[in-house]
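This report concerns only the one structure given below.
Computed from the coordinates by the stated procedures, all read-outs in this text should not be read as laboratory data. In this text, all values refer to a predicted model and were calculated from it rather than measured experimentally. FYI the Cβ positions are ideal-geometry reconstructions off the backbone, even for glycines, and counts take in every protein chain you see.
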Amino acid sequence: MKPNNLESLWMPFTPNKTFKKDPRIIVGAKDMHFISDDGRNILDATAGLWCVNAGHGRKKIQDAVYNQIGELDYSPPFQFGHPKQFELANRLVEMFPEGMNHVFFSNSGSEAVDSALKIALAYQRARGKASKTRLIGRERGYHGVGFGGISVGGMVKNRMYFGSMLSGVDHLRHTHNPELNAFSKGLPEYGAELANDLERLVQLHDASTIAAVIVEPIAGSTGVLPPPKGYLKKLRELCTKHDILLIFDEVISAFGRMGTPTAAEFFDVTPDIICCAKALTNATIPMGATVVQDHIYQSMMEHADAPIELFHGYTYSGHPVACAAALASLDIYKEDGLFERAVDSAKHMQEVAHSLKGTKNVIDIRNMGLIAAVEIEARDGAIGARGFEVMKKAWDLGVMIRANGDTIAFSPPLIVENNQIEEMFDVTKKAIGSIN
Ligand SMILES: Cc1ncc(COP(=O)(O)O)c(C=O)c1O
């Protein structure tokens, strides 16, 4: 017998059985709202999955995609080029920190991360440091779902089902310390010294075996963990001291989430490699990018085995339609001043988010840039149950929020209005109040 019309789809990161009994179906989207199949406007408090930064249904992107398909629908990225991928690479390096001048395209955050890890290893070998093969991630990190990403990642469920993953990986401790930092507004005060964990790993493995450290400048999927004050600067110093590459996974933080093109700029810390995706195309067409410093690219060009310097790439690297969507998205961010706008909205969101302090079961509230999180206490023996119920209730009340376990995350499109920020948190408060 054929499965019914919902059963034939195996949904990602979704409790399929529960969902299919009570589905939430989205049939349209415009600006700050989704439209559900029962005709309701649902306020998008998450920019989809941290990705629709310019809001939904942008005509400029729609036109760019339509025109591109008519002009050049596809061209192979190996051994051939097309103008828009060079144009986009140029636009990106203009926006990215000084010295980050070379872009490798892929199709997702996961691929941008795996590309970064492979580039790090190939670079170390090319410059004669072939013993530097170890990759260091961080507990509670999320770097997508490729084998590289889950190996350096630190979220237990994303790792435990998938065997031994990559060998030669170790992890820094995470920076979350609610005992000292609960209800911090902006960056938490305590924990910069946790960057010294890298010294511990250097003592254990020796720097001559370590290729790269990868962290999210602000951890998102694990439940929004802003870095303690001074932590990232310290990590940069230690990487430089030990000749280890520093990779920032900016899949959620790039393109205005912090009010700047990258979190690197916001924190004034320049890594060697930045991974981005998501808002690069305003999520209209899948695309990822790995942006590297001059010294990495130059070293590969000079020392890697010729003629192909990097044996890596995807059928859809720099896809012309994705490039067109990205160029239009970058235009919108600039023309509409969305990054600057995010700075003001972030201030309002900080105040509104923290006004939920004292609400039943709320044990922490965190925020940074246009990102906020409200953590509720887990129900005994049922971690994540309350978070899931709050998410469902908010959907019924007309707001899409995201539950990461028992942490409710907010990352609205950068076009959000102040009254919509208030609505997001009013509804969340009601939803939290309505469950036991
Ligand atoms: C920091 C980070 N890295 C990587 C990824 C993976 O991106 P994708 O789902 O596009 O593969 C995500 C997705 O949320 C992310 O937040």
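Taking the Cα centre of region 204-353 as origin, work out the dipole magnitude from +1 charges on Lys and Arg Cβ and -1 charges on Asp and Glu Cβ, in debye rounded to 20.
For this selection, approximately 460 debye.
With a cut-off of 17 Å, note down the residues of region 395-432 whose backbone N falls inside the zone around a label point 7 Å from the Cα of residue 348 toward its beta carbon.
Backbone N within reach: 410-428.
Of 284, 131, 119, which is farthest on the positive side of the dipole of region 63-335, counting Cα position, with +1 on Lys and Arg Cβ, -1 on Asp and Glu Cβ, and the Cα centre as origin?
It is 131, whose Cα lies furthest towards the positive end.
What is the antiparallel percent of DSSP beta bridges lying wholly in the chain, to the nearest 5?
Among the beta bridges of the chain, antiparallel pairing accounts for roughly 65 percent.
Mind checking the dipole of the chain: about its Cα centre, +1 per Lys or Arg Cβ, -1 per Asp or Glu Cβ, Debye to the nearest 20?
1020 debye
Place the peptides 55-64, 68-77, 268-277, 198-207 in order of packing, highest mean first, counting for every residue the other Cβ atoms within 10 Å and averaging per peptide.
268-277, 55-64, 198-207, 68-77
Relative contact order for the chain: what is it in percent, counting Cα pairs under 8 Å that are at least 6 residues apart?
22 percent
Can you give the charge dipole size of region 305-436 about its Cα centre, rounded to the nearest 20 debye, using +1 on the beta carbon of Lys and Arg and -1 on the beta carbon of Asp and Glu?
Details: 13 positive and 19 negative charges, 113 e Å.
Roughly 540 debye for region 305-436.
Lys/Arg Cβ at +1, Asp/Glu Cβ at -1, dipole of region 182-239 taken about the Cα centre: which of 224, 213, 238 is farthest positive-ward?
Toward the positive end, the furthest listed residue is 224.
Could you tell me which of the pairs 157/278; 185/229; 30/430 are separated by over 18 angstrom between their Cα atoms in the structure shown? Each step should come with its number before you reach the end.
Values: 157/278 23 Å; 185/229 12 Å; 30/430 25 Å.
From 157/278; 185/229; 30/430, over 18 Å: 157/278; 30/430.
Round to a whole angstrom and tell me the spacing of the C-alpha centers of region 242-285 and region 124-169.
Each part reduced to its Cα centre gives a spacing of 19 Å.
What is the sum of charges, Lys and Arg at +1 and Asp and Glu at -1, for the other residues whose Cβ falls under 13 Å from the Cβ of residue 434?
Counting the neighbours of residue 434, the net charge comes to +3.
What does the net charge come to around residue 206 if you take all other residues with beta carbon closer than 14 Å to its beta carbon, with K and R at +1 and D and E at -1? Present the calculation step by step, with values, prior to reporting the outcome.
Values: positive: 129, 132, 134, 200, 241; negative: 170, 199, 243.
Overall, the nearby charge balance is +2.
Among 396, 305, 243, which one shows the biggest mean-square fluctuation in a GNM of the chain, springs joining Cα atoms closer than 10 Å?
305
Which residue, 52, 152, 352, tops the fluctuation ranking in a GNM of the chain built on C-alpha contacts under 10 Å?
Of 52, 152, 352, the Gaussian network model singles out 352 as fluctuating most.
From the backbone phi of region 125-133, what are the Karplus-calculated ³J(HN,Hα) couplings (6.51 cos²θ - 1.76 cosθ + 1.60, θ = phi - 60°) in whole Hz, Gly and Pro given as x?
5, 4, 8, x, 10, 5, 6, 7, 10
Name the residue from 5, 147, 52 whose Cα lies farthest towards the positive end of the charge dipole of the chain, charges +1 on Cβ of Lys and Arg and -1 on Cβ of Asp and Glu.
Of the candidates, 5 comes out farthest on the positive side.
Mind checking the alpha-carbon convex hull of the chain and giving the volume per residue in Å³? Mind showing how you got there, number by number?
Details: hull volume 69.6 nm³, N = 436.
Hull volume normalised by residue count: 160 Å³.
Note the full-extension length gain between residue 157 and residue 229 as 0.36 nm times their separation in residues minus their Cα-Cα distance, in nm to one decimal.
23.0 nm
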